[in-house]
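> After the structure tokens below, expect a handful of questions from me.
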């Protein structure tokens, strides 16, 4: 195996050398953008399919024409280079045409999680100073609930995009499809002046505190990352077809999946939402050989009934993140995958890792300057030596990943300068240095011959954020919202492991308000469902008489995390929200046993 592994690794050298030559950072003032690349595809691959969605196929020429009509209409509605427009729409052709259109006229698209409602949705629209809100018919009710609280003018600043046709545009919104029907189809003149340094998107991340933060993504970062995925991870061309079912408001689906499609001129079968039961039939029907994934998706597929012909499908290559070692090899074998190109990179981060050499169970290597430093998970603090500097961990040991901030690894940050500064570790190893705090534990792993590059493996999230249902959940934000329920005094939120599920489920330890003797389950369930999106709702609730704090009044999570929802270790009442339920109920020994067997369905 050693010789075979070495030969396979060396076979990648020509590709890597070509990639290195072509991936040198481009100047920020260079004239180019995503919309310009779409226009180039329309010229090079005019009649080739670009997107297949719900029985409809558009070619690259047709897609570019639609994006141009949207762009020229949005420009006529007053949007200009440097503005921001919020986009609240599910995966579909019109979503992609809208973001391409905004890019063509230099407008930053703030891509909002379609699960958000109320306070969080309002925050995401206002935090970027959006001049317009472009929303799909399918999200009209969510916008209607908050529009009176937004600093936008009804009738002018809301732009409606039809979907199934169940509802027409409300009287407080413009109809983009109707108004663009006779708009010019040519590429907007403004596109020629857009630069790589212009902001393309705001991608929202929960971060470690407060409400979702808007991370900046420039044209350069999107296009360079997409080119890396297209040329080195997928190694695709215009002849390939992608299966895209991840939400396109997330960087993985948009930048790695659709970004590779745009960069290469390939085509994509786009799904509104992931469906495990429809996955293989659609892969076969649409002859998709490329897949963009997250680890949770792969685990869901592994939990479906296995059939002898599962590997009889056109899929050959998949790229994504979060695929755990216990799923990696079984998934690869069951579905006949030849190449898994795992990568790692935060939406707002300044470093990335990529498994360019097809090594199993690793996020790959990086050319960036990184460090893994000692971190105390119980106190949620970086360990420093007597000089106040960070301590690098021994090879193979897990450590907090830091990415050095420099001209070649810029930290673009958030719209909030204070939030940006909180993610920077200064004077980590010497006076004046600056490092991006990833919030993730990583370790170096031995993968055999690897051209002299270290390979890394993701270990876990740390601090006040955990990942559940492919979303980052802020414990502070959830706790703040739970504290708004009048019948509890305060809450302590943390993530706990659930067998058979990726990430960590939310759990809240709560102290009831004075005079309350037991949790009002119905009222609390109603409050949680109203104020939190599904992925952020605590799965488990523990009712305590008091909550332990440190000498500086920071809530202690260590013991709570280790005890979790183990009824044998704790005497406090514990409640659970079962899958597909919206009501808490007492956790029983029988259901606990089901959870431990990995059969609960989370």
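Read the figures in this text as sums done on the coordinates, not as results from a lab. The structure displayed is predicted, hence computed values, not measured ones. Counting neighbours? That spans all protein chains shown, and the Cβs are built from the backbone with ideal geometry, glycine included.
> Using alpha carbons only, how many angstrom separate the centre of region 288-331 from the centre of region 82-115?
29 Å
> If you build the convex hull over the alpha carbons only and average its shadow over all orientations, what do you get for the chain? Give it in nm² to one decimal.
Mean orientational projected area (the chain, Cα hull): 28.4 nm².
> Now for a separate question. State, to one decimal in nm, how far the label point of residue 392 lies from the label point of residue 56, with both points 7 Å from Cα in the Cβ direction.
Output for this residue pair reads 5.4 nm.
> Inverting the mean 1/r over all pairs of different Cα atoms, compute the Kirkwood radius of region 408-528 and quote it in Å.
About 18.0 Å, per the Kirkwood formula over Cα pairs.
> How large is the Rg to Rh ratio of region 23-342 when both quantities use alpha carbon positions and Rh follows Kirkwood?
My calculation of the ratio gives 0.96.
> Taking 0.36 nm per residue of sequence separation and subtracting the Cα-Cα distance, how much length would be gained by fully extending the chain between residue 562 and residue 275, in nm to one decimal?
100.0 nm
> When the Cα centres of region 39-54 and region 236-269 are compared, how far apart do they sit, in Å?
First find each Cα centre; the distance between them is then 12 Å.
> Hey, fewest Cβ within 10 Å first, where do 383, 478, 496 land in order?
383, 496, 478
> Pop a pseudo-label 7 angstrom from the Cα along the beta-carbon direction at both residue 326 and residue 597 and give the gap in nm to one decimal.
Distance between label points: 1.6 nm.
> I would also like to ask the following. Which FRET efficiency value, to the nearest 0.05, is calculated for residue 119 and residue 451 with the Förster distance at 60 angstrom and r the Cβ-Cβ distance?
0.75
> On alpha carbon coordinates alone, what is the Rg over Rh value for region 466-596, Rh being the Kirkwood radius?
Radius of gyration over Kirkwood radius for region 466-596 works out to 0.92.
> Suppose the Debye formula is applied to equal point scatterers at every Cα of region 117-240; what is log10 I(q)/I(0) at q = 0.15, 0.19 Å⁻¹?
Here the Debye-derived log intensity ratios amount to -0.99, -1.19.
> Given N residues in region 281-386, what is Rg(Cα) / (2.2 N^0.38 Å)?
1.34
> Same structure again: Please compute the modelled spin-label separation between residue 487 and residue 430, points set 7 Å along Cα→Cβ, answer in nm with one decimal.
In this crude spin-label approximation the distance works out to 6.0 nm.
> Right, next: Using r as the Cβ-Cβ distance of residue 416 and residue 309, and R0 as 45 Å, what FRET efficiency do you calculate, to the nearest 0.05?
0.30
> Run the numbers for residue 520 and residue 192: contour at 0.36 nm per residue of separation, minus the present Cα-Cα distance, in nm.
112.1 nm
> Kindly state, to the nearest 0.05, the FRET efficiency for residue 333 paired with residue 590, given R0 = 22 Å and r defined as their beta-carbon distance.
0.05
> Let me ask you something else. Give me the Kirkwood hydrodynamic radius of region 192-346 in Å, from all C-alpha pairs, to one decimal place?
Result for region 192-346 stands at 16.3 Å.
> Further question on the same structure: Ignoring solvent entirely, what values of log10 I(q)/I(0) come out of the Debye formula for region 362-463 at 0.19, 0.20, 0.23 Å⁻¹ when each Cα is a single scatterer?
One equal scatterer on each Cα of region 362-463 leads to -1.01, -1.10, -1.35.
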